[in-house]
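The structure appears below as structure tokens.
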Amino acid sequence: MRLSGLSFDAVFSSPLQRAVRTAEIAGFPDPQLTPLLREVDYGQYEGITTTQIHQQHPGWELYRDGSPGGETPAQIYARALEFIRLCETVDGRVLAFAHGHILRAVAVAWLHLDITAAAGLQLDVATLSRLHEDPDHGRLLAMWNAP
């Protein structure tokens with residue numbers, strides 16, 4: 001499996017159609033689907049904007065407060081860690097297609113940061129990020145939010 005000169009030993013995707021379709025467009029028509037990469041469960045906040053949530057709950061922040069009836073920050077972080085453990089079973093490079101909030105959680109879990117740090121990571125649509133394990137420096141965020 002290749003992308004612009006890079007090869008991958010495993011390709012994972014959220015089971016949600018927008019992630020699977022992105023994988024297909026990128027040249028990976030058969031990614032391994034995993035619920036670990038599905039978007040965060042927003043519970044009662046599903047389908048409404050952050051601005052609308054702030055009108056009723058000023059100062060609300062997903063990674064600190066979670067969503068009523070949805071995932072807690074601890075659950076989001078645990079899922080991110082579980083995805084990292086899955087990737088560690090692959091001998092080589094892994095490519096993942098998913099959604100902004102869970103990918104931000106994966107990045108902070110990779111770096112062993114508190115889940116609340118994810119709020120400080122901007123992640124735009126259709127960008128590339130690279131998490132890297134360096135033998136001398138440990139886990140690195142080698143590239144983030146690149147077009």
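Every number here is computed from the coordinates shown, using simple stated rules; none is lab data. As the structure is a prediction and not an experimental result, all values here were calculated from the model. Neighbour counts run over all protein chains shown; Cβ positions are idealised from the backbone, glycine included.
Remarks
- Residues of segment 60-116 that turn out to be closer than 11 Å to residue 36 by Cβ and of a type in the set (Asp, Glu), as a count: 1
- One residue stands out among those in segment 21-44 that are touching a strand residue (DSSP E or B) at 6+ places or on another chain (Cβ under 9 Å) and of a type in the set (S, T, N, Q): the one that is surrounded by the fewest Cβ atoms within 10 Å (Cβ to Cβ), which is 32.
- Looking at segment 45-147, the strands (runs of 3 or more DSSP E) lying wholly inside it that each contain 1 or more residues that are loosely packed, with under 15 Cβ neighbours inside 10 Å sit at 128-134, 138-146.
- Residue within segment 33-40 that is closer than 14 Å to residue 119 by Cα and assigned to a helix (DSSP H, G or I) present: no
- Unmet criterion (only one of (1) within 23 Å of residue 12 (Cβ to Cβ); (2) free of Cβ contacts under 8 Å to residues at least 12 places away in the same chain) for residue 39: (2)
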